[in-house]
1. For region 61-172, report the accessible area per residue in Å² (1.4 Å probe, heavy atoms, rounded to an integer).
2. Report the residues of region 18-57 in range of a label on A130: point 7 Å along Cα→C-beta, backbone N strictly under 14 Å from it.
3. Give me the net charge of L41's neighbourhood, meaning all other residues with Cβ under 12 Å from the Cβ of L41; Lys, Arg count +1, Asp, Glu -1.
4. To make sure I understand the rule: partners must be lysines, Cα under 18 Å from the Cα of K57, and not fewer than 8 residues away in the same chain. Which ones qualify?
5. Can you give the log10 of the normalised intensity I(q)/I(0) at q = 0.10, 0.16, 0.23 Å⁻¹, computed with Debye over equal Cα scatterers of region 1-106?
6. With a cap of 11 neighbouring Cβ atoms within 10 Å, and only residues DSSP puts in a loop, list the GluC sites (Glu not before Pro) found in region 38-114.
7. Through the Karplus equation 6.51 cos²θ - 1.76 cosθ + 1.60, θ set to phi - 60°, convert the phi angles of region 135-150 into ³J(HN,Hα) values in whole Hz; use x for Gly and Pro.
8. Any idea how far the Cα center of region 21-69 sits from the one of region 127-169, in Å?
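The values are calculated or read from the model by the stated rules, or taken from the named source; none is laboratory data. If you're wondering where the values come from, they're calculated on a predicted model, not measured in any experiment. Here the Cβ positions follow ideal geometry from the backbone for every residue, glycine too, while neighbour counts run over all protein chains shown. Ligands, DNA and RNA are stripped out before the accessible areas are found, and what is left, the full protein with its side chains, is counted by its heavy atoms. Shrake-Rupley method; radii C 1.70, N 1.55, O 1.52, S 1.80 Å.
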Amino acid sequence: SLEPVDPLPKDLVLVVDTSGSMRGEKMEQAREAVTYCLDHLNPGDRFNVVTFGSEVKRFSKGLSDNTPANREAARSFIEDSVALGRTHISGALEAGLKGKPDAERPRMMIFLTDGTPTAGEMNPEKILKALPKMNQARTRIFVMGVGKDVNTHLLDRITEQTKAFSQYVLPE
């Protein structure tokens, strides 16, 4: 019989759309999703949270250790985020992919959005072309699309490029 093995410590970056169209129920769902992910990290994991509307903001410069204090600060960061402005997808990807790769740790991003690029680089082909250069750490980007205006073509191609997958849900 096989002995249970502890999961490898991982690096997780939660990237959340906080553009104006996320206002209301979608923003609440996004906050709940971030809280759920933070609450289900394993002891050796590291994380960061990135929000994006017209501006891209990072919870911390690099990855944070999974401590109760860091999780609580990250929850406050997402609670204080206001749904405002346009959708800067390229800037959010760039901010979320920053950092040196660590060959010993799988690196994943959960990218939550309800839209299509309306700020920064807006051409989906150019965003896709820039992705390999941005993604030096070979981060797998899992997409959670919310609502009816999601650019599924762009987001599906991002997940294909990074050997991940996407899931789309309606606001209800």
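1. For region 61-172, the solvent-accessible area averages 56 Å² per residue.
2. 55-56
3. Within the 12 Å Cβ shell, the charges total -1.
4. Hits, sequence-local ones excluded: K98.
5. For region 1-106, the Cα-only Debye profile gives -0.30, -0.70, -1.25.
6. Passing both the DSSP loop test and the Cβ count: E104.
7. Ordered by residue, 3J(HN,Hα) equals 9, 5, 8, 6, 5, 7, 9, 9, 9, 10, x, 10, x, 9, 9, 6 Hz.
8. Here the answer is 18 Å between Cα centres.
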